[in-house]
2 protein chains.
Amino acid sequence: MLKKERQAYIIQQINIHNKVLSADLCIQLDVSEDTIRRDLQELAEEGKLMKVHGGALAKSFHFTIETNQVYNLSAKQVIAQKALQLIKDGMLIAISGGTTMRELIKLLPPELNATFVTSNVPIALELLNHPSVEVIFLGNKLLKSAQMAVGAEVVSRFGQIKADLCLLGTNSIDTVDGITDLELEIIEVKKAMVDASKKVVSLAISEKLNTAQRLVVCGLDKVDILITELDPTDELLAPYAKKGIAVL
Amino acid sequence: MLKKERQAYIIQQINIHNKVLSADLCIQLDVSEDTIRRDLQELAEEGKLMKVHGGALAKSFHFTIETNQVYNLSAKQVIAQKALQLIKDGMLIAISGGTTMRELIKLLPPELNATFVTSNVPIALELLNHPSVEVIFLGNKLLKSAQMAVGAEVVSRFGQIKADLCLLGTNSIDTVDGITDLELEIIEVKKAMVDASKKVVSLAISEKLNTAQRLVVCGLDKVDILITELDPTDELLAPYAKKGIAVL
DNA sequence: ATAATTTGTGCGGTTTTCTGCAAACTCTTT
DNA sequence: AAAGAGTTTGCAGAAAACCGCACAAATTAT
């Protein structure tokens, strides 16, 4: 059995099954684990597969969303960076959808050990790319417009958890109505997320400040922290600070 | 024994076996290893074979370029096309993961009115792009390697539905063990999907036929339809047809 | 936190390859 | 025939590649 033959076999198995275990291969090919490991390593260096603990995965298998251009990306990245400091090991974090959240997830330190709960599909996918965080998807009927699960089932399951932090992508926020949104079904879920969490963080680009939609998620009294791309001393944020919200 | 004769013999052996070992050749041709090596080197320079440590391989061992794209895409598209005819308006369809399924979803007619149930994140996302189908995601803890939800919660919720069709991306299938897979948690979910469905369809590229993994999803008796890229009359499929499975 | 796998790495034995060289062979020329 | 030029072949010794083993480090699971 030649080395290249072995490697061709490994590639084939990966393509067929998306995954191989070192232990299986060394039986099938009748060589030592060391040899298999060296082969996998070599193939990984050539970019033909992804080496993981105990075996290897196909490279094309993990599929991610192509990010077209994100509106106001730099502002969102500033917000995401600020939000990072709130996230600590061991936390249970409820997280909503939106591109700001996606940026946040990309910035999570690789060794972070936290659990994220979401009902948003792209967010779940983004979280799955992180090496160590645990991801819980509360699912049910999916709403196409928001790419998230909605409905009584989701609400009731958020009711069963007690999160340390709620990261809320915010559509509109003002000092009168608090956080507001457009669709009833989304409101219901966001409400459930807020109620399930000890601390509520609203992430919003400054354009969304002092705007309101028809439906209320929660009043400002429930919001603990507000994060925008602005300097905390910006006068736009003063009304929120005065209401007792920590502004970052 | 002339040099040309030797080299012709080597080429012939390569054509027959796709590989030769230097050690074998120098016995068969009764010359020293050096001579063989020089022959191989010469033939390699002429592009007639691929020299590797210990012997040579046929040029067709070029497994270089096809990485990072979907493996065997055309076969999967054929399979997806065949599967389309099974999907009718009003159906409730349980669908598993995999690139074949993604191709299938892309081919769904825009006016289709069906409900899909899945626990696979990329599949859910793909389904969300469709204008009219309803998508239900059965969620819970997400498994990173498979990008899908697993666990008792998912299993129990599949137990509560009665699907018309189960589209099962198949990792391995053979006539003895039936459909098999690698990870326990995935098995559990797939089992639940099979049990929840009136009709079970296995989609598999032909390379997966007659291969087996360690864990059994279900026996062939539970499989109603098998779809591969092969012609239904292909003899590879005969054993399955004989077991009463409709082969498309 | 502790135990069990899995990895990484150095070592030694084996096989394969490389290099130079001389003997043997082919073919032409005398 | 015989000599000579060029090629091919086998050989020896050194270098490199390959593979399995053992032990320590890292990672995962319990």
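The values are calculated or read from the model by the stated rules, or taken from the named source; none is laboratory data. Here the structure is a predicted model, which is why all the values come from computation and not from measurement. Here the Cβ is made from the backbone with ideal geometry for all residues, glycine too, and neighbour counts use every protein chain on show. Remember, those area values only see protein heavy atoms, side chains included, never the ligands or the DNA or RNA. Shrake-Rupley method; radii C 1.70, N 1.55, O 1.52, S 1.80 Å.
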Exercise. Of A:K88/A:K191; A:K59/B:K190; A:K199/B:K141; A:K3/B:K59; A:K82/A:K222; A:K82/B:K141, which sit over 26 Å apart, Cα to Cα?
Worked result: A:K82/B:K141
For this session: Please give the contour-minus-distance gain from A:N113 to A:S32: 0.36 nm per residue of separation, less the Cα-Cα distance, rounded to one decimal in nm.
Result: 25.7 nm
For this session: Pop a pseudo-label 7 angstrom from the Cα along the beta-carbon direction at both A:S206 and B:R214 and give the gap in nm to one decimal.
Result: 5.7
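Give the range of the longest stretch in chain B that excludes all GluC sites (Glu not before Pro) found in loop regions by DSSP and having at most 15 other beta-carbon atoms within 10 Å.
Details: sites that count: B:E46, B:E66, B:E111.
Longest gap between qualifying sites, sites excluded: B:112-248.
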Exercise. Which shape class, rounded, prolate or oblate, goes with the protein assembly as shown when its Cα gyration tensor gives a ≥ b ≥ c as root eigenvalues, a/c under 1.5 marks rounded, and past that a/b bigger than b/c marks prolate?
Worked result: prolate
Problem set entry | Charged-residue dipole, Cβ positions (Lys, Arg, Asp, Glu), the protein assembly as shown about Cα centre, Debye nearest 20 | 340
Exercise. For segment B:58-201, with the dipole built from +1 on Lys and Arg beta-carbon atoms and -1 on Asp and Glu ones, taken about the Cα centre, which of B:T115, B:A192, B:G159 lies farthest toward the positive end?
Worked result: B:T115
For this session: Starting from the Cα of B:L73, step 7 Å along the direction of its Cβ; do the same at B:L184; then give the gap between the two resulting points in nm.
Result: 3.8
For this session: Between copies, how far apart are the B:A44 label points? List them in nm, one decimal, shortest first, with each point 7 Å from Cα toward Cβ, please?
Result: 2.7
Problem set entry | Modelled FRET efficiency - R0 25 Å, B:E134 with B:Q85, Cβ distances, 0.05 increments | 0.75
Problem set entry | Whether segment B:3-61 is rounded, prolate or oblate, judged on the alpha carbon gyration tensor where a/c under 1.5 counts as rounded | rounded
For this session: Take the Cα atoms of segment B:1-154, find their three principal axes, and give me the spread along each one in whole Å, biggest first.
Result: 74, 32, 21
Exercise. What are the nm distances, shortest first, from A:D195 to its equivalents in the other copies, labels at 7 Å along Cα→Cβ?
Worked result: 3.3
Exercise. From the residues A:L92, A:Q213, A:M148, which one has its Cα farthest along the dipole of chain A in the positive direction, the dipole being from +1 and -1 charges on Cβ of Lys/Arg and Asp/Glu about the Cα centre?
Worked result: A:M148
Exercise. In whole percent, what relative contact order does segment B:3-61 give with Cα contacts below 8 Å and a gap of six or more residues?
Worked result: 37
Seminar exercise, completed: For segment B:128-248 the mean separation of alpha carbon contacts under 8 Å (6+ apart) over residue count, i.e. relative contact order in percent, is 23
Exercise. How high is the relative contact order of chain A, in percent, with contacts defined as C-alpha pairs under 8 Å that are six or more residues apart?
Worked result: 13
Problem set entry | Sum of -39500 (n - 2.57) over DSSP H runs of 4+, divided by residues of chain B (222 nm, nearest 500) | -10500 deg cm²/dmol
For this session: In nm, give the distance between the simple-model label positions of B:T175 and A:K199, each being 7 Å from the Cα along the Cα-to-Cβ direction.
Result: 6.3
Problem set entry | Of all accessible heavy-atom area on chain B, the percent that carbon and sulfur account for (1.4 Å) | 51
Seminar exercise, completed: Across A:S22, A:S172, A:S74, the residue with the highest GNM fluctuation in chain A (Cα network, 10 Å cutoff) is A:S22
Seminar exercise, completed: extent check for segment A:99-248: Cα max minus min per principal axis, descending, whole Å, gives 39, 35, 26
Exercise. Which distances, in nm and shortest first, link the A:T211 label point to the same label point in every other copy, taking 7 Å along Cα→Cβ?
Worked result: 5.1
Exercise. Tell me: how much accessible area in total is hidden between A and B, 1.4 Å probe, Å², nearest 100?
Worked result: 4100
